[in-house]
Amino acid sequence: MFLNKRRRWALIAGVAGVAGAQLADHLLSSSWKLAAKKEPPDDPAYEDVPWKSAILWTTAAGAAAALSQLVARRGAGVAWKRLTGERPPQPRRRRRVRSRREALA
(Lines give C-alpha, C1' and ligand atoms only; values in the text may rest on other atoms or scores of the structure.)
Protein backbone atom coordinates (compact mmCIF):
# COMPACT_ATOMS: atom_id res chain seq x y z
CA MET A 1 0.00 0.00 0.00
CA PHE A 2 1.38 3.38 -1.02
CA LEU A 3 0.87 6.39 1.19
CA ASN A 4 1.33 9.83 -0.30
CA LYS A 5 3.19 12.57 1.54
CA ARG A 6 0.09 14.09 3.14
CA ARG A 7 -1.11 10.72 4.49
CA ARG A 8 2.32 9.84 5.84
CA TRP A 9 2.39 13.17 7.65
CA ALA A 10 -1.11 12.59 9.06
CA LEU A 11 -0.01 9.17 10.33
CA ILE A 12 3.17 10.51 11.95
CA ALA A 13 1.40 13.50 13.49
CA GLY A 14 -1.39 11.25 14.77
CA VAL A 15 1.00 8.81 16.43
CA ALA A 16 2.92 11.71 17.98
CA GLY A 17 -0.35 13.22 19.21
CA VAL A 18 -1.47 9.97 20.84
CA ALA A 19 1.90 9.55 22.54
CA GLY A 20 1.82 13.16 23.73
CA ALA A 21 -1.71 12.81 25.08
CA GLN A 22 -0.78 9.67 27.03
CA LEU A 23 2.26 11.39 28.50
CA ALA A 24 0.24 14.50 29.40
CA ASP A 25 -2.43 12.38 31.09
CA HIS A 26 0.16 10.54 33.15
CA LEU A 27 1.97 13.75 34.15
CA LEU A 28 -1.28 15.52 35.01
CA SER A 29 -2.54 12.64 37.16
CA SER A 30 0.81 12.33 38.93
CA SER A 31 0.97 16.07 39.57
CA TRP A 32 -2.59 16.08 40.94
CA LYS A 33 -1.80 13.19 43.31
CA LEU A 34 1.35 14.96 44.50
CA ALA A 35 -0.29 18.36 45.01
CA ALA A 36 -3.74 17.36 46.31
CA LYS A 37 -2.69 14.17 48.12
CA LYS A 38 -5.67 12.35 46.58
CA GLU A 39 -6.74 10.75 43.32
CA PRO A 40 -7.85 13.05 40.48
CA PRO A 41 -11.60 13.10 39.80
CA ASP A 42 -12.83 10.44 37.35
CA ASP A 43 -15.49 12.79 36.03
CA PRO A 44 -15.54 16.41 37.23
CA ALA A 45 -19.25 16.61 36.39
CA TYR A 46 -20.21 14.17 39.16
CA GLU A 47 -22.05 15.73 42.09
CA ASP A 48 -19.64 14.33 44.68
CA VAL A 49 -16.72 16.32 43.18
CA PRO A 50 -16.41 19.81 44.74
CA TRP A 51 -16.67 22.74 42.36
CA LYS A 52 -13.15 23.92 43.10
CA SER A 53 -11.66 20.53 42.22
CA ALA A 54 -13.84 20.19 39.13
CA ILE A 55 -12.83 23.59 37.78
CA LEU A 56 -9.14 23.12 38.56
CA TRP A 57 -9.04 19.64 37.02
CA THR A 58 -10.90 20.71 33.88
CA THR A 59 -8.69 23.76 33.40
CA ALA A 60 -5.49 21.79 33.97
CA ALA A 61 -6.63 18.97 31.67
CA GLY A 62 -7.52 21.38 28.88
CA ALA A 63 -4.22 23.23 29.14
CA ALA A 64 -2.26 19.96 29.27
CA ALA A 65 -4.09 18.59 26.22
CA ALA A 66 -3.48 21.73 24.17
CA LEU A 67 0.16 21.94 25.19
CA SER A 68 0.80 18.26 24.50
CA GLN A 69 -0.78 18.58 21.05
CA LEU A 70 1.42 21.58 20.25
CA VAL A 71 4.60 19.87 21.46
CA ALA A 72 3.76 16.64 19.62
CA ARG A 73 3.03 18.37 16.31
CA ARG A 74 6.12 20.55 16.57
CA GLY A 75 8.28 17.57 17.45
CA ALA A 76 6.84 15.54 14.59
CA GLY A 77 7.46 18.50 12.27
CA VAL A 78 11.11 18.72 13.32
CA ALA A 79 11.55 14.97 12.83
CA TRP A 80 9.84 15.15 9.42
CA LYS A 81 12.12 17.97 8.30
CA ARG A 82 15.25 16.11 9.46
CA LEU A 83 14.20 12.93 7.67
CA THR A 84 12.92 14.42 4.41
CA GLY A 85 14.62 17.81 4.23
CA GLU A 86 11.23 19.46 3.63
CA ARG A 87 8.56 21.07 5.76
CA PRO A 88 5.53 18.89 6.60
CA PRO A 89 2.68 19.13 4.09
CA GLN A 90 -0.02 21.68 4.82
CA PRO A 91 -3.60 20.47 5.27
CA ARG A 92 -5.90 20.99 2.32
CA ARG A 93 -8.06 24.04 2.44
CA ARG A 94 -11.72 23.29 1.96
CA ARG A 95 -13.69 25.55 -0.30
CA ARG A 96 -15.88 27.79 1.78
CA VAL A 97 -19.60 27.53 1.08
CA ARG A 98 -21.15 30.97 1.16
CA SER A 99 -24.80 30.11 0.71
CA ARG A 100 -27.18 27.20 0.97
CA ARG A 101 -27.89 27.39 -2.77
CA GLU A 102 -24.16 27.07 -3.50
CA ALA A 103 -23.90 24.07 -1.18
CA LEU A 104 -26.69 22.23 -2.98
CA ALA A 105 -25.41 22.99 -6.47
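The values are calculated or read from the model by the stated rules, or taken from the named source; none is laboratory data. This one's a predicted model, so the numbers in the text were calculated from it and none came from an experiment. We place every Cβ from the backbone using ideal geometry, glycine too, and count neighbours over all the protein chains shown.
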Query raised in the report: For Val97, all conditions in the list (1) over 19 Å from the mean Cα position of the chain (by Cα); (2) part of a helix (DSSP H, G or I) hold save one; what is the number of the exception?
Result: (2)
Report task. For segment 31-58, enumerate the residues that are surrounded by fewer than 13 Cβ atoms within 10 Å (Cβ to Cβ) and in a loop (DSSP other than H, G, I, E, B). Result -> Lys37, Lys38, Glu39, Asp42, Asp43, Ala45, Tyr46, Glu47, Asp48, Pro50
Query raised in the report: Looking at Gln90, Gln69, which one is part of a loop (DSSP other than H, G, I, E, B), among the polar types (S, T, N, Q) and within 24 Å of the chain's Cα centre (by Cα)?
Result: Gln90
Requested in this report: Please enumerate the residues belonging to segment 57-74 that are among the small types (Gly, Ala, Ser), out of contact with any helix residue (DSSP H, G or I) (no Cβ under 6 Å at 6 or more places or on another chain) and farther than 20 Å from Asp42 by Cβ.
Outcome: Ala66
Requested in this report: List the number of the failed condition for Lys81; all other conditions in (1) surrounded by 11 or more Cβ atoms within 10 Å (Cβ to Cβ); (2) in contact (Cβ under 8 Å) with a residue 40 or more places away in the chain hold.
Outcome: (2)
Query raised in the report: When you scan segment 91-103, how many residues do you find that are at pLDDT below 70 and hydrophobic (A, V, I, L, M, F, W, C)?
Result: 1
